[in-house]
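See below for the structure under consideration.
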Protein chains: 4
Amino acid sequence: MSLNTFGHLFRVTTWGESHGPALGATVDGCPPGVPITAEDLQVWLDKRKPGQNKFTTQRREADEVEILSGVFEGVSTGTPIQLMIRNTDQRSKDYGDIAEKFRPGHADITYWQKYGVRDYRGGGRSSARETAARVAAGGVARAALAVLAPELRITGYMVQMGEKHIDRARFDWGQIGRNPFWVPDAGAVEDWADYLDGLRKAGSSVGAMIEVTAQGAPAGLGAPVYGKLDTDLGAAMLSINAVKGVEIGEGMAAAMLTGEANADEISMGPDGPEFSSNHAGGILGGISTGQDIVVRFAVKPTSSILTPRKTIRRDGTEAEIITKGRHDPCVGIRAVPVGEAMMACVLLDHLLLHRGQVGEGLRGKIG
Amino acid sequence: MSLNTFGHLFRVTTWGESHGPALGATVDGCPPGVPITAEDLQVWLDKRKPGQNKFTTQRREADEVEILSGVFEGVSTGTPIQLMIRNTDQRSKDYGDIAEKFRPGHADITYWQKYGVRDYRGGGRSSARETAARVAAGGVARAALAVLAPELRITGYMVQMGEKHIDRARFDWGQIGRNPFWVPDAGAVEDWADYLDGLRKAGSSVGAMIEVTAQGAPAGLGAPVYGKLDTDLGAAMLSINAVKGVEIGEGMAAAMLTGEANADEISMGPDGPEFSSNHAGGILGGISTGQDIVVRFAVKPTSSILTPRKTIRRDGTEAEIITKGRHDPCVGIRAVPVGEAMMACVLLDHLLLHRGQVGEGLRGKIG
Amino acid sequence: MSLNTFGHLFRVTTWGESHGPALGATVDGCPPGVPITAEDLQVWLDKRKPGQNKFTTQRREADEVEILSGVFEGVSTGTPIQLMIRNTDQRSKDYGDIAEKFRPGHADITYWQKYGVRDYRGGGRSSARETAARVAAGGVARAALAVLAPELRITGYMVQMGEKHIDRARFDWGQIGRNPFWVPDAGAVEDWADYLDGLRKAGSSVGAMIEVTAQGAPAGLGAPVYGKLDTDLGAAMLSINAVKGVEIGEGMAAAMLTGEANADEISMGPDGPEFSSNHAGGILGGISTGQDIVVRFAVKPTSSILTPRKTIRRDGTEAEIITKGRHDPCVGIRAVPVGEAMMACVLLDHLLLHRGQVGEGLRGKIG
Amino acid sequence: MSLNTFGHLFRVTTWGESHGPALGATVDGCPPGVPITAEDLQVWLDKRKPGQNKFTTQRREADEVEILSGVFEGVSTGTPIQLMIRNTDQRSKDYGDIAEKFRPGHADITYWQKYGVRDYRGGGRSSARETAARVAAGGVARAALAVLAPELRITGYMVQMGEKHIDRARFDWGQIGRNPFWVPDAGAVEDWADYLDGLRKAGSSVGAMIEVTAQGAPAGLGAPVYGKLDTDLGAAMLSINAVKGVEIGEGMAAAMLTGEANADEISMGPDGPEFSSNHAGGILGGISTGQDIVVRFAVKPTSSILTPRKTIRRDGTEAEIITKGRHDPCVGIRAVPVGEAMMACVLLDHLLLHRGQVGEGLRGKIG
């Protein structure tokens, strides 16, 4: 991973600022011959698009993606794919105050400490708007996976928002797309809506936990030590704005378990090895087992709130700040399609690596 | 990050198997002129060395490191430093059973599924012995940091082992080196010892949570999007054997907080900005704030236990397995110096990147 | 170097096809605080722009560059800089014949053999139009070098075109910008013009040799083995379309010399070491000496000519082809600013690497 | 390419100094299941080994390679392969003079200028002894190619030594291994031997030109722009000590040709496309055509000669130096197996990349 590029063979470099003319992604390493259209990508962007309901920022962005290169007559050519999304609703006047003051919890102060210059308009490069470019790139990854691993299904959903948790006993894949929270638990929706509406009206915000599951991923993806599949998935999720933790399978709770409780016993099924449980989250020693790959990440509450917070100005004088712009009361909602996009990018990347590095016909067969 | 290499400018490639002739690390990018001796590195290796008390594996390894290149007349030359540790206690007979059977929770089955060949002796490449090479490389990073950032102090410690947590109210930096668990809480030691001894005698194992803190790190380390300091720290920790989750600052608990609770308010102190709290773990927008950098990671329980577990053989037939070798009842103990080593490598790497990429005299000054 | 990215810390990824909507460069790693405007970059693009005289292709392209990100209020922010150049004169009808036939000497057949799909319009990705994006990126490198190494001067010029060579005895830096061939020899211009005009009228083409010299580069740039300054310069030039060879200093002629003839003897001057000659081209053991850095590369003749050549169609049937489009009789002319741009990118990259990897105050002083 | 690592998926990092305890190569990315033994690698090392006849340095090195990791029961496991060669004949007393004086034409002065510290014993890291590690790594590449591309044959040979050229009309593949110069021209051997013997006795040295040809390489290897096959081959050769130029196919001479002369016309043969000539050296647009891949590189004369040359000491005072050690009168001879090794590494790397990045069954078929 380079500083602004993600991936080994399938490489994504995002670029652009919240209030610049455009943002986008340079996508390198998509195999040739993959059918891709702007419309295909738009489906995923629309999932992340702001302003769709009262629980996301009221900024109006069409988030229309243009494919500038790398696709010819509807299929990828194997050369770099440039994806561009124009910024259309840049109400810069909303952000005037932050040119001088550093918003607590935001990157304002660190960009200044590091670079001595920063694009303060809407957070500039540190804005969550950057994730639109990831979703577009993830759409390219999904298109390639549809050809190379058609049985793979990647689904993200919220499992926690502030004090509210889903009830795993009521888990229903079919519910996920039917509510504004991407929650797999129909019983939770009304309660969560009331809770978040209260926070929203109070000008507050709240954190969230997202889970992304990949079903149907082949065994054998990942590399033993530094290119572990969980390492790359973890890096992918931690690179998303506001993410403060990531876990695979049992995750942080593994610290509490005994070896007996944590072991996923193995038996032989009709189609190959089967496991009695999935504490490992589908990854052993950095390599996929063929089980569901399960990743969770925590998104901190939006730092932009209406309650005044103490801060300093660039000149060192102290001040208070209220962040009045258009913000998400729970930025975790829109992190769901971003987490899916990162999962798609990582799995495609490791699928390509595996194809390249392991000889055909050499792969171990069991039984 | 390449598949077997970690870092951008300070790059570490480890190599070697548990029962091969040797293992080691190729360390590229250490600045020239840094005083380094094998004795300096040995100090860190001795912290991780097995067989030091009854709570770690009884395998006897001197873990003596040899410097084969890159150091001349006691200082680094700027060229690759090769570190080699010979394996001396390779009692292969202990491991005969696992040539055919896949141990649940271990990488046996995934290496086979991926590569169709595996070095089954002691887990081969997937053995935690690999981490000895990381600790040696971390020693080189520490030596360079001692020159470039002399005020920096990196300390790892356990905060949880199975059901046992430290009491943060009794946190004492001075206790960490005085007990076999690297616990910063004198009151916990006896209780934890009894608990782990019981598990050890039962042939069981247990998970753990490690925290690594860097005090005195400069502000401005890290890069905005994919090369975030937290991304690289997270990847570093997730690349360690048996780690299933990682978090920065408030971490997974950030999902439960409101924006008001999570904000680290800023004021102006005599030496620059000060923060009222450190929910962010010292990193905002991927860049260090100058506060303590705080990372935690969860280590799953050792999968090698005496209780029989169900598994399959390479030929697909079903079997039971008891792992009889010499194992750590809580591998998290020895993960403490490994976590420190990874922190050292990441901070040195980003320090070098910052020196290279940001113009001298351009860095933002506040006040 | 990744497959579509050039550089270590200063990283350039170009994208776009000859007849797509746009092409450009994603420039990562420019230090913050560097003054950059589109006008600054346009100066370099205008040097490479087609259609300026009868010796270059008559395709009319404004080659106007837009800066889409990474620059705020006229200075770089340290985040990725996206440069876009719209294609405006895409007369696709000129190229209809080549959808089916592979032009000898062009990449038509190999793109098809590799990818099974190709954008045949004007050569698609393999068109020399890609080099416009390099020149824009080189402009960013020049802007950063103007801040970090203000004494550095990079100049490219032709030293050979077909049978014609410059007379080194008449070498005059001042002549280079005053003729359509970038020739440092006023006495050559008329003769070369007649020669090329003859070839042009005959629908033929001819090769060329370009030399790029960097004056005022500091000593100490480059790395010992694989990241040698000459390795990276060589790779930079060989990555330009139609380049078939590259040499440093004495170059291929070094094969003919004895050790006595080739040695650049050293003496001590008022400002440091001085050399009696520069057979080494300013680089010893991969590291710059402080002398002029001298690189030459050969550009093959444009493969698009009016004389019919034998070829095959995609279906394997044999055919003849005449390439009628708008082409450069000597593509080497426009390779001059491209070579300069690549030199700028490589020197900035190694300057940043040197700053990052070598401790301040540690660098060797002589005398 | 990192600074001390070569390759994309098949990655070689060499390490070690001329007079340190050992040197070697960390080889990452070899596919699993490849039969490899130390004996196989030794064959290639013996080709490069010094002291075999009067035309190479009289330093006596067994150059015995040990495989420390990554190979189990005679086959590669897919994990990093560590190759180590111990230095046995380190007569440091030969080199005492150069601790203070910088040898003209050597890297002594630039290492000092860059790093402020250098291992002066035998040139330290800049010694051509480093190439032994490349040859060992190339042996691994050859072993993998024997499995993945069994029809591929890589052969290096000298085509020029000082004033002496081979006669292409007498080119005979069978002669190459039968003379000390790896010359494919039986008629040249005696003349070249007399010529070089004269130079050797005079304490002089001479440059050389090496050609490396790969027969039977598949079409489709390489990537369009920065990862061109010729770019990577060029970088590979330019990274070898003392190489000052590299060319593909027609090479530097392409500058003299017209488009008509340079075109390799295409016809349809029984097994696919055929070409009337090979000016392109087997590569078009960075991608292999299926023809022979032909690379040439120039090696400068050994800078260590008996004639006194002017130089300076570290303290800036002027001096004369005679390099008395054991040296090669034509270091180009031993560059032949090194060039072969680099060709093998590059071709394997691009073969793996092609497998990973291009969909099976998607590759273009002609006819």
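When you restrict to C-alpha pairs under 8 Å that are six or more residues apart and normalise by the size of chain B, the relative contact order lands at 21 percent. In region B:216-366, the ratio of gyration radius to Kirkwood radius, Rg to Rh, stands at 1.13 when only Cα atoms are counted. The same position A:Gly272 in the other copies lies at 3.1, 5.1, 5.9 nm from this copy, comparing label points 7 Å beyond Cα toward the beta-carbon, shortest first.
For the residues A:Lys244, A:Lys101, what sequence is obtained by ranking on other C-beta atoms within 10 Å, fewest first? Please list the in-between numbers first.
Details: A:Lys244 28, A:Lys101 22.
Least crowded to most crowded, the residues run A:Lys101, A:Lys244.
When the inverse distances between all different Cα atoms of chain B are averaged and flipped, the Kirkwood radius reads 21.7 angstrom. GNM on chain A, alpha-carbon springs under 10 angstrom: the most fluctuating residue among A:Ile293, A:Ile312, A:Ile333 is A:Ile312.
Using the empirical formula 2.2 N^0.38 Å as the baseline, the Cα radius of gyration of region B:1-143 reaches a ratio of 1.12. Taking the label point 7 Å along Cα→Cβ, C:Thr88 and its counterparts in the other copies are spaced 2.6, 7.1, 7.5 nm apart, in ascending order. For region B:99-141, taking the reciprocal of the average inverse distance between every pair of different Cα atoms yields a Kirkwood hydrodynamic radius of 11.5 Å.
Among A:Val212, A:Val117, A:Val27, the largest mean-square fluctuation in a Gaussian network model of chain A, built with springs joining Cα atoms closer than 10 Å, belongs to A:Val117. Straight-line cross-link reach from B:Lys201 at under 29 Å between alpha-carbon atoms covers these lysines, not counting any fewer than eight positions away in the same chain: B:Lys47, B:Lys49, B:Lys54, B:Lys93, B:Lys101, B:Lys164, B:Lys244, B:Lys300, B:Lys310, B:Lys324. Taking only the alpha carbons of region A:220-275, we obtain Rg and Dmax values of 14.7, 43 Å in that order. Neighbour counts of other Cβ atoms within 10 Å put A:Met252, D:Met256, A:Met158 in the fewest-to-most order D:Met256, A:Met252, A:Met158.
Between the Cα long axis of helix B:229-238 and the first principal axis of chain B there is an angle of about 10°, rounded to the nearest 10.
Gyration tensor analysis over the Cα atoms of region D:284-336 returns equivalent ellipsoid semi-axes of 39, 15, 7 Å (largest first, whole Å). The alpha carbon radius of gyration of the protein assembly as shown, expressed as a multiple of 2.2 N^0.38 Å, is 0.88.
Note on chain C: with a GNM built from Cα contacts shorter than 10 Å, the maximum mean-square fluctuation among C:Trp192, C:Trp44, C:Trp112 falls on C:Trp112. Measuring max minus min along each principal axis, the C-alpha atoms of region A:8-70 give extents of 40, 23, 21 Å (largest first).
Compared with the dominant Cα axis of chain D, that is its longest principal axis, helix D:332-357 is turned about 40°. The radius of gyration of the Cα set in region D:136-264, together with its Dmax, comes out at 17.1, 49 angstrom.
For the rotation that carries chain D onto chain A, the axis lies closest to a Cβ at D:Gly356, 1, where the number is the distance in whole Å. Distances between equivalent label points of D:Asn53 across the copies, with each point positioned 7 Å along Cα→Cβ, amount to 5.4, 6.7, 8.2 nm, shortest listed first.
Based on DSSP H segments of at least four residues, each scored -39500 (n - 2.57), chain D has a per-residue ellipticity at 222 nm of -8000 deg cm²/dmol.
Quick note: the coordinates plus some simple rules give every number you see, no bench work behind them. Not measured: the values here are computed from a predicted model. Neighbour counts run over all protein chains shown; Cβ positions are idealised from the backbone, glycine included.
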